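Laboratory data are not the source of any read-out in this text; all were calculated from the coordinates shown. This one's a predicted model, so the numbers in the text were calculated from it and none came from an experiment. Here Cβ is always computed from backbone atoms with ideal geometry, including for glycine, and neighbour counts include all displayed protein chains.
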Number of protein chains: 2
Amino acid sequence: MSQMQSVEKQLRHMILGLEIGPGEKLTERWIENRFGASRTPVRAALLRLETEGLVSRDGRGWSVSPINLAELEQIAVYREAVEVAALRLTCALADRSAVDVIEAMLESCDNDTPREEWHRVGMDFHIELARLSANEFLFRAVRDSMTRLSRARWLEVRDEAALARAWAEHRAILAAVRLGDAEEAARLLTSHIVGSRDRLVTSLANDRRGLRARGFAVVAA
Amino acid sequence: MSQMQSVEKQLRHMILGLEIGPGEKLTERWIENRFGASRTPVRAALLRLETEGLVSRDGRGWSVSPINLAELEQIAVYREAVEVAALRLTCALADRSAVDVIEAMLESCDNDTPREEWHRVGMDFHIELARLSANEFLFRAVRDSMTRLSRARWLEVRDEAALARAWAEHRAILAAVRLGDAEEAARLLTSHIVGSRDRLVTSLANDRRGLRARGFAVVAA
DNA sequence: GATACCATTTTGGGATACCAGACCGGTGTT
DNA sequence: AACACCGGTCTGGTATCCCAAAATGGTATC
């Protein structure tokens, strides 16, 4: 059995789900025992997760990357550049009917939907929207950005009002894309990303003490 | 001795310098012998180079990534997005004196300068310009893009006229940045990137037969 | 002569043994 | 009580072994 991908997947899942706290130390031996794999696949997983920014070298060893407010702000700028570029490409497409699939994705969330699902769909909206551009690099950039933002976004998903607002903005963006109005879509997406960032950073800065109490490392901006 | 980084560095250098042809098969054992390292650091190197796009899985084994025309075109779009975003940030800075350092870098190339140096400085121009934005993600995006483009750019550097043109465009961009004219700088950078891409893709498509004869895999757009 | 088949070799994936250096805790000294 | 020292333990880095699967090449058959 190829345990390599399994270790990587499981470890990523634990990190993204905050089952292992940001800033926590990791030893190859612990991972080895935890997932019943040997060091070769463990090391492969760590190397991959390092490039995703989920894990970092900590001196000689490893640790789960802390949540970094300065990094979140920089990612927002990066996201804005790549997502807007992807969006403009998509608006220029002759066939933009694929937005309906994304719209349907949004509709699949209602009051009975668990938090986890909202969290996932909220990210997938951006990822799938970027995929429509058919540009592999823009797509990957968005996907990787969302992975890096994923842990911090658990906070936003706890705020009912923020969630409703995000969904409304998502729908508005899709509407503009459907019409092929690149300028309007870009404007909406930009303000959505900037707004998200502001709410996220504010909320993280406020919760910082509480998060640290739970053992989560949160680095200031 | 930490041979891990050494293997990675040396292998990357051979690949970027076309000492190992695009599309060529690689075996872990060959690398092992070639660099006198054992398989663990070899695997680490391969995993890292894979994320850089220099090496790809080829069935069960590994091979040097072929030069892919479709990929080059997509990277150009991606580059345009991130480089322009970085440039706008830089233009908004109060202190833009760092452009002088980049200007000096360009000036360091004259008729006696070896091809290799022109090649490196041509890439470093874009990388260092992106670094000025002080956004780590935009910077990395540009750096990684240039790495991916590096091999294909060996062709452009053989064309004296193209080189002169590129340098002129580089200088014009710096001049606009120095004035803080973001719109003009963005316009110049965009057309520089688009122009580079067109010349590169055209020239590659023309040389494709010759490159293949040298054993270089070149995938069509 | 082409092709299907089988034995051998080779390959990457995984496991394990070993090492040098960092880290930690206790002890003895001041 | 504070601090310097020292020995054991733990960790990541490396080398090496083993294995299953895939590639290879030769051979017999049609």
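Okay, here's what the table says:
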read-out: Nonlocal amide H pairs with B:Gly180, under 5 Å, H built at 1.01 Å; value: none
read-out: Trypsin sites (Lys or Arg not before Pro) restricted to region A:14-112 and DSSP loop, no more than 10 other C-beta within 10 Å; value: A:Arg60
read-out: Nearest 10 degrees, 0 to 90: helix B:136-156 Cα axis against chain B principal axis; value: 70
read-out: Using alpha-carbon coordinates, inclination of helix B:182-213 to the longest axis of chain B, degrees; value: 30
read-out: Cα centre as origin, Lys/Arg/Asp/Glu Cβ charges: the protein assembly as shown dipole, Debye; value: 1560
read-out: Inter-centroid distance (Cα atoms) of region B:196-221 relative to region A:8-49, Å; value: 42
read-out: Residues with amide H under 5 Å from that of A:Asn68, placed H, sequence gap 5 or more; value: A:Val219
read-out: Per-residue HN-Hα couplings for region A:31-45 [Karplus 6.51, -1.76, 1.60; θ = phi - 60°; Hz; x = Gly/Pro]; value: 4, 3, 5, 4, 10, x, 10, 9, 5, 4, x, 4, 5, 4, 4
read-out: Anchor B:Lys9: lysines whose Cα lies under 26 Å away (excluding residues fewer than 8 positions away in-chain); value: B:Lys25
read-out: Three-way shape label, region A:3-65, alpha-carbon gyration tensor, a/c 1.5; value: rounded
read-out: Cα gyration tensor category, rounded, prolate or oblate, for region A:68-214 with a/c compared to 1.5; value: prolate
read-out: Dipole of chain A, positive direction: furthest Cα of A:Ala168, A:His119, A:Thr51, with charges on the beta-carbon; value: A:Thr51
read-out: Listed residues A:Ala81, A:Ala213, A:Cys91: farthest to the positive end of the dipole of region A:68-214 (Cβ charges); value: A:Ala213
read-out: Ellipticity estimate at 222 nm from DSSP helix runs (n ≥ 4, -39,500 (n - 2.57)) divided over chain A, nearest 500; value: -24000 deg cm²/dmol
read-out: Degrees separating the helix B:69-91 axis from the principal Cα axis of chain B, which is the longest one; value: 40
read-out: Prolate/oblate/rounded label for the protein assembly as shown (Cα gyration tensor, a/c 1.5); value: oblate
read-out: Within chain B: Cβ-based charge dipole about Cα centre, in debye rounded to nearest 20 (Lys, Arg +1; Asp, Glu -1); value: 1040
read-out: Average partner coverage of A:38-45, which counts Cβ from other chains inside 10 Å; value: 2
read-out: Relative contact order [Cα under 8 Å, 6+ residues apart], chain A, whole percent; value: 28
read-out: Built amide H within the under 5 Å cut-off of A:Leu26, gap 5+; value: A:Trp62, A:Ser63, A:Val64
read-out: Assigned charges on the beta-carbon of Lys, Arg, Asp, Glu; region B:37-77 dipole about Cα centre (debye); value: 360
